[in-house]
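Take a look at the structure set out below.
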Amino acid sequence: MAANLGFGALCLAFLVSLYGAAAAVVGAARHSAAWVGSARRAMLLTFPLLTVSALSLLYLLANGNYEVRYVASVTSSSMPLYLRLTALWGGQAGSLFFWSWLMAAFASAVMLRKWDRDGEFLPWVILVALVTLAFFLGLSIVVENPFVRTWHLGSGRPFYAMFPPLGAQIFRPANGSGLNPLLRHPGMIIHPPMLYLGFVSFVIPYAYAIAALITGRTDDRWMRVTRRWTLVAWLFLSLGLLLGGRWAYDVLGWGGYWGWDPVEIAAFMPWLTGTAFLHSVMIQEKRGMFKQWNMVLIILTYALVIFGTFLTRSGVLTSVHAFARSAIGPLFLGFISITFLGSLGLLVYRWNALRSDVEMTSIFSREALFLLNNLLFMSILVACFSGVVYPILSEGLGIVGDMIPAWADVFTGQQKTVGPEYYENTTGPLFAGLLLLMGVAPLAAWRHSTAKTLGRAIWKPTLVSLAVPLLALLGGMRHWAALLGFWLAAFVVAVTVYEFWRAAWARHQLHGEALPLALWQLAGRNRRRYGGYIIHLGVVLMAIGILGIEIFQTQTQGTLAQGETLALGEYTITFERLNVFDTTDGRNVARATVSVRRDGDYLGELYPRRDYYYEAQQPVTMPGVRSTLEDDLYVVLVDWQPISTLGATFKVYHNPLVNWLWLGGLVFILGTMVAAWPDHDPELRRAAQRKSAPEAAQA
Amino acid sequence: MRPDHHPSRKILLALLLALSLGALLTAAAFAQEPTPSDDEVNRVASQLYCPVCESTPLDVCPTQACAQWREVVRQKLAQGWTDEQIKTYFVELYGERVLATPPARGLNLLMYIAPPLGILFGVYLVWRTLRKRAPAAAAPVEAPPPADAATDEYVRRLEEELRKR
């Protein structure tokens, strides 16, 4: 019953989306407010419809209706209620449906804003949002239907379908196979929704950009309206990436937070173009330049959002053959190609209208430095894209080798791996360049900056920041990349603090405000600017953590009998005991107790463990971590003997400074919230003033 | 069908692997020779990827199969094989996907040529934009500013930047 209701609402939402998209086009073509209004109401209707659908699925998940294939594949009777509910996005079909639901929510929220000043955008924004939504809903209905049930046809294998074949009985397994145990972690429960929120909210600025291209209203109105949307999208995407990293560190047990896995990079790529876009729009707002480029960036971001979903959802990363077996991959590729080429076509059509009003005046100006920032972000994107796509290409091109035997040596069709080494070597210098720009750009003025003015602004923070690598050098650090990295970090901090200080001091001198008040007022005057600086500080803290773990991580592994110790640098761990026991929620836990000493001083105990989930037949390695601002000691239980007194194998990582990564992440998010915090739209305020002025005159 | 997909060959390989493992375990039980340390094994294993799990380096993969592959690495090290020999051995058995970076040959050269070309193209675009800049005459001729003027200039610039549009 609930499955039928959910599926019915899903189909209705799909039909309503198609109708709304058509009505929007008719409304725009006939200049008919009635048609556009109808399209808008259709857009608004999709959200309640999909909410009915979502509630039905949640009910099925909570109730353990295992006859529904999706429910059986992601839940089991031993799972607590909150995990059953979050299993909504724990599998393929649920994830895609969840994507659509969020998309409908965001697009509906956009419909509720005031449209009087840019009504000509409305039908086209609706069109883009609804076409995107209809695509995902279509996938949910035709290929990955979360409501499909299991049927029995008398004899033989169970049969999966939405509605029963003739004479079939519904088949309800006694239990489901349960959620992938790796996903039963708070980080992983919040990570996908954050990522998806980031993904779907980037659709909004894209929809406005397309509306601007179609209507020919190529001033920067579309950008101003979507400024906050873009920041919010970016906030969620950043949060999603951070949570993913934290989850990897806590659960995967390989001592790191980021493995340059294609799945990670799939979410990182739209973040790269999105970040470039956030910087680049400022040049257009201040200087009226790069209008064409900003369009390219937002179109790329949208394409990468869909591409990222495609990479993670089509199975193409496992194998090109898995991709070819399911209809979902080709459908995605078709959709990406059509939207991407269509957007590019529109851009070419409006290319001349988007020419810059002005030209660059100085290579030391802020806009020139922002251009370099964009170049670096795009270069990182090129490296990431090549690394992700090449293995797919290599495998897929095997078909050429099959057809032309003479070329079989080149087009072998072999699967390839592109590991961290490639990404670190190519992107490392680019990230360093970004840090340098992060320090220099805030000091450069718009338009007229010369080497002289820039030099005058820069020498003080440079001198101060050089103290950090000098001290490190005196302290015995000889790793040149680390010294360079720490100098860059110090440089950005010095510049940012200097910028805050200079501005607050000027206000203090001018208005006689106390310094803290001056700072507060300043941040309030332009939240985006000072939020941006806080984000920069967050990035620097993260960079410190990344330098620490990437350059100075050490590790060792050894098999210890009870009472034996293993040393790593100043630390020793002693194997105290191992307990193996079953839990009520279907796990077999092997939990070791090790005591940690540093230079002989007892610091406490750690409990690395291995949980084996019976239902999923899958082990999960949970490290024991001692975490301080200075370093993390990260102990993994690798293996143990059946008679535990005989010994157990441990792997120990020493991760210096890694906590600064998480701390920096918090500062980063805080800065983004400062920048995105809603304030009174200055245009609305001016309008309100204009309105009240005549009233005052009448009185 | 390519030879490496042949089922009988797979079975043969599995048998060989099992035999060599068995031999190794027996040898370990009886001989108690000094074997390479876990750290040495991990050093080699970290340069290899698990042939079955996706995107998982061999040194950290928690599956039973990978533990066996690490034992193979240990055995080869004990026999005096170099890192390169062990890597080649794994590539011959499981294909290039076990290497963390595709070696620079054949189609893989694309990976080494395409990204730099893409980046160079970006550099060219930026260079073209910067080259087209307006004549520098637009910049005001600066007199050496007194100390106060520097602050005033800064405040003016700050005000301009803070102004919301």
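Coordinate-derived values only; no laboratory data. Note that this is a predicted model, so its numbers are computed, not measured. With ideal geometry, Cβ positions are generated from the backbone for all residues, glycine too; neighbour counts draw on all protein chains shown.
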*By what distance, in whole Å, do the Cα atoms of region A:610-677 stretch along each of the three principal axes, largest value first?*
57, 33, 10
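Say R0 is 41 Å: what FRET efficiency, to the nearest 0.05, do A:L153 and A:D250 get from their beta-carbon distance? Intermediate results must be reported in sequence, preceding the final value.
Details: r = 45 Å, r/R0 = 1.10.
According to the calculation, E is roughly 0.35.
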_Can you compute the modelled spin-label distance between B:T88 and A:A62, with each label point 7 Å from Cα toward Cβ, in nm?_
6.3 nm
*List the pair-distance distribution P(r) of region A:232-330, using every Cα-Cα distance, as the percent of pairs falling in each 10 Å bin from 0 up to the bin containing the longest distance, rounded to whole percents.*
15, 34, 31, 16, 4, 0
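Kindly provide the helix-only [θ] at 222 nm of chain A, computed as the sum of -39,500 (n - 2.57) over DSSP H runs of four or more divided by all residues, to the nearest 500 deg cm²/dmol? Numbers along the way, then the final one.
Working: 21 runs with 433 residues, N = 699.
So the calculated ellipticity at 222 nm is -21500 deg cm²/dmol.
Multiply the residue gap between A:T628 and A:H31 by 0.36 nm, knock off their C-alpha separation, and tell me the result in nm, one decimal place. Provide the component values of the computation, followed by the final result.
On the way: separation 597, 0.36 × 597 = 214.92 nm, distance 6.34 nm.
Between A:T628 and A:H31, full extension yields 208.6 nm more.
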*Counting only C-alpha contacts under 8 Å and six or more residues apart, can you give the relative contact order of region A:181-396 as a whole percent?*
23 percent
_Tell me the relative contact order for chain A as a rounded percent, counting alpha carbon contacts under 8 Å between residues six or more apart._
10 percent
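Between A:L393 and A:E513, how high is the FRET efficiency from 1/(1 + (r/R0)^6) when r is the Cβ-Cβ distance and R₀ = 41 Å? Nearest 0.05.
Details: r = 60 Å, r/R0 = 1.46.
After rounding, the FRET efficiency stands at 0.10.
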*For A:V348, what charge total do you get from the other residues with a beta carbon under 15 Å from its beta carbon, if Lys and Arg give +1 and Asp and Glu give -1?*
+3
*Sort largest first and round to whole Å: the equivalent ellipsoid semi-axes of region A:1-43, each the square root of five times a Cα gyration tensor eigenvalue.*
28, 8, 4
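After finding the eigenvalues of the alpha carbon gyration tensor for region A:388-432, what semi-axes result from the square roots of 5 times each, listed largest first in whole Å? Provide the component values of the computation, followed by the final result.
Numbers: eigenvalues 179, 14, 11 Å².
So the three semi-axes of region A:388-432 are 30, 8, 7 Å.
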*Using a simple spin-label model with points 7 Å from Cα along the Cα→Cβ vector, what separation in nm is obtained for A:D402 and A:A467?*
6.6 nm
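Quick one, can you get me the convex hull of the C-alpha atoms of region A:300-435 expressed as volume per residue in Å³? Can you show the working numbers first?
On the way: hull volume 22.8 nm³, N = 136.
With only Cα atoms used, region A:300-435 gives 167 Å³ per residue.
Which whole number of Å³ per residue matches the convex hull of the alpha-carbon atoms in chain A?
Values: hull volume 165.1 nm³, N = 699.
Spelled out: Cα convex hull of chain A, divided by residues, is 236 Å³.
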*Using Cα centres only, tell me the gap between region A:39-81 and region A:484-525 in whole Å.*
50 Å
*Treating the Cα atoms of region A:420-550 as identical point scatterers in vacuum, please give the log10 of the normalised Debye intensity I(q)/I(0) at q = 0.12, 0.13 Å⁻¹, two decimals.*
-0.55, -0.63
*For region A:49-185, just the Cα atoms, rotate onto the principal axes and tell me the three extents in Å, largest first.*
63, 39, 21
*Considering the alpha-carbon set of region A:480-632 alone, what are its Rg and its Dmax in angstrom?*
24.4, 71
*Would you kindly work out the equivalent ellipsoid of region B:62-135 from its C-alpha gyration tensor and give its semi-axes, the square roots of five times the eigenvalues, largest first in whole Å?*
46, 13, 11
*Compute the normalised compactness of region A:552-660: alpha-carbon radius of gyration over 2.2 N^0.38 Å, N being the residue count.*
1.08
*Take the alpha carbon atoms of region A:581-659, find their center, do the same for region A:231-253, and report the distance between the two centers in whole angstrom.*
23 Å
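How large is the convex hull of the Cα atoms of region A:214-269 per residue, expressed in Å³ as a whole number?
Details: hull volume 5.1 nm³, N = 56.
Taking only Cα atoms, region A:214-269 has a hull volume of 92 Å³ per residue.
Counting only other chains, what is the mean number of Cβ atoms within 10 angstrom of the Cβ of each residue in peptide A:374-384? Let's see the in-between values first.
On the way: counts 3, 7, 2, 1, 6, 7, 1, 3, 8, 5, 1.
Average per residue, whole number: 4.
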*Would you calculate the separation in nanometres between label points at A:A561 and A:A105, each defined as 7 Å from the Cα along the Cα-to-beta-carbon direction?*
5.8 nm
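Using R₀ = 22 Å, calculate the FRET efficiency as 1/(1 + (r/R₀)^6) where r is the Cβ-Cβ separation of A:Y602 and A:R577; round to 0.05.
Details: r = 16 Å, r/R0 = 0.74.
The formula returns an efficiency of 0.85 here.
What number, in nm² with one decimal, is the all-direction average of the projected area of the convex hull of the alpha-carbon atoms of region A:181-396?
Values: hull surface 53.0 nm².
The Cα convex hull of region A:181-396, projected and averaged over all directions, gives 13.2 nm².
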